[in-house]
Amino acid sequence: MTESLKTREIEALIRDVPDFPKPGILFKDITPLLENAPLFRVAIELLAAGVARHAPTALVAIESRGFIFGAPLALHMGLPLVLVRKPGKLPRRIESVAYQLEYGEDRLEVHADAVQADGRYAIVDDVLATGGTASAVSSLLHRLGGTVACHAFLIELGFLAGRERLGTAPVEALVAYT
Ligand code: AMP
């Protein structure tokens, strides 16, 4: 099967759910893909091939749905996995970053000693929308001295121009909606 055929099969397992979690949002539901083990595996293999081009030394997965892709990618690539979590979940000394939501702000945290000055990190999440979350994680890593090798997403919502907020870091996305 060609790569574009595989990508189309994966895309067919992403369901559009209108007006979730609130009116006007077209939610990309990835659960049908997770229920299809062969195509979930193909998605991880294709993402891994894209990420490998940027030679990361570790993966950074963003809670919650970034964990679903980050963990199998780390195992597949044989790389360390660093977790970026919601506030109050990590037990040791943390560094945190605040970022804007539509209403108010939120925070994400990482163990301060999990990021190495000579580390090259691939930041993993399920969906690139406005890019606010991924750019916050990127600045968190930079503050700790790390380098962002690339960003990796299953889905990119291209019409929201999220990659423009990610600076010069390369973006790997398996399924892009324009
Ligand atoms: P953003 O910071 O705007 O790039 O939003 C990214 C985060 O919000 C990701 O962690 C996604 O899980 C989630 N997200 C944003 N928009 C959608 C959408 N249309 N469908 C599913 N998840 C979304």
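Couple of notes before you dig in:
- Conditions (1) open to solvent by less than 60 Å² (accessible area, probe 1.4 Å); (2) closer than 30 Å to Ala112 by Cβ: number failed by Lys86: (1)
- The single condition from (1) within 16 Å of the ligand (Cβ to nearest atom); (2) touching a residue at least 24 places away in the same chain (Cβ under 8 Å) that Phe67 fails is (2).
- Flag for Gln100 being away from the ligand (no atom under 16 Å from the Cβ), surrounded by fewer than 20 Cβ atoms within 10 Å (Cβ to Cβ) and of a type in the set (S, T, N, Q): no
- Residue in segment 123-135 that is touching a residue at least 60 places away in the same chain (Cβ under 8 Å) and part of a helix (DSSP H, G or I) present: yes
- Residue list for segment 46-69, restricted to those being among the small types (Gly, Ala, Ser) and open to solvent by less than 10 Å² (accessible area, probe 1.4 Å): Ala48, Gly50, Ala58, Ala61, Gly66
- Members of segment 137-157 found to be within 12 Å of the ligand (Cβ to nearest atom) and more than 12 Å from the chain's Cα centre (by Cα), listed by number: Leu157
The values are calculated or read from the model by the stated rules, or taken from the named source; none is laboratory data. In this text the structure is predicted, and so the values were computed from the model without any measurement. As a convention, Cβ positions derive from the backbone with ideal geometry for all residues, glycine included, and neighbour counts pool all protein chains shown. These area figures cover heavy atoms from the full protein model, side chains too; ligands, DNA and RNA do not enter into them. Shrake-Rupley method; radii C 1.70, N 1.55, O 1.52, S 1.80 Å.
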